1. Which numbered condition in (1) over 22 Å from residue 94 (Cα atoms); (2) at pLDDT below 95 is the only one that residue 32 fails?
2. Could you pull out every one of the strands (runs of 3 or more DSSP E) wholly within the chain that has 2 or more residues that are touching a helix residue (DSSP H, G or I) at 6+ places or on another chain (Cβ under 7 Å) and surrounded by 16 or more Cβ atoms within 10 Å (Cβ to Cβ)?
3. Do we find a residue being within 30 Å of residue 62 (Cβ to Cβ), free of Cβ contacts under 8 Å to residues at least 24 places away in the same chain and touching a strand residue (DSSP E or B) at 6+ places or on another chain (Cβ under 7 Å) anywhere in region 25-35?
4. Among the residues of region 8-22, what is the count of those that are in contact (Cβ under 8 Å) with a residue 60 or more places away in the chain and within 19 Å of the chain's Cα centre (by Cα)?
C-alpha cells in the first residue's frame, strides 16, 4: 500500500500591505483557515522579510492520489478567494511512499 503526498507552493503578492504586521495578518488568516477548513499542513515558507510578498506551502497525505488532488484543489480555490492578494504562481509536487 502506498502513501501519497501532494505539496502545493503558492507565491503571493499582497499589494496593500504596508508593513510586516499587515502581511502577517493576511498570511495568518490564509494559513489557519486552510488548516481548519481542509485539514492540511500549512506554513509560510519563504519571502519572510518582504512585506508585500509571501510564499505559502500546503501539504496533504492520503491513500489515493485522487484524495490528495481533491483536497489541494479546494485549498487552491480557498487561497484564490482572498481579494486582498494576487496569486503570482503555484506549483505542485508529488511524493509516494511505499509502506
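1. (2)
2. Per the criteria, 2-13, 41-46, 53-62.
3. Restricting attention to region 25-35, the residues satisfying the condition of being within 30 Å of residue 62 (Cβ to Cβ) are 26-35.
Checking the rest, the ones that are also free of Cβ contacts under 8 Å to residues at least 24 places away in the same chain come to 28, 32, 35.
With touching a strand residue (DSSP E or B) at 6+ places or on another chain (Cβ under 7 Å) added as a condition, the list becomes 35.
Looking for residues that are within 30 Å of residue 62 (Cβ to Cβ), free of Cβ contacts under 8 Å to residues at least 24 places away in the same chain and touching a strand residue (DSSP E or B) at 6+ places or on another chain (Cβ under 7 Å), one finds at least one in region 25-35, hence yes.
4. Qualifying residue count for the region: 8.
The values are calculated or read from the model by the stated rules, or taken from the named source; none is laboratory data. No experiment lies behind these values; they were computed from the predicted model shown. All Cβ positions, glycine included, derive from the backbone under ideal geometry; neighbour counts span all protein chains shown.
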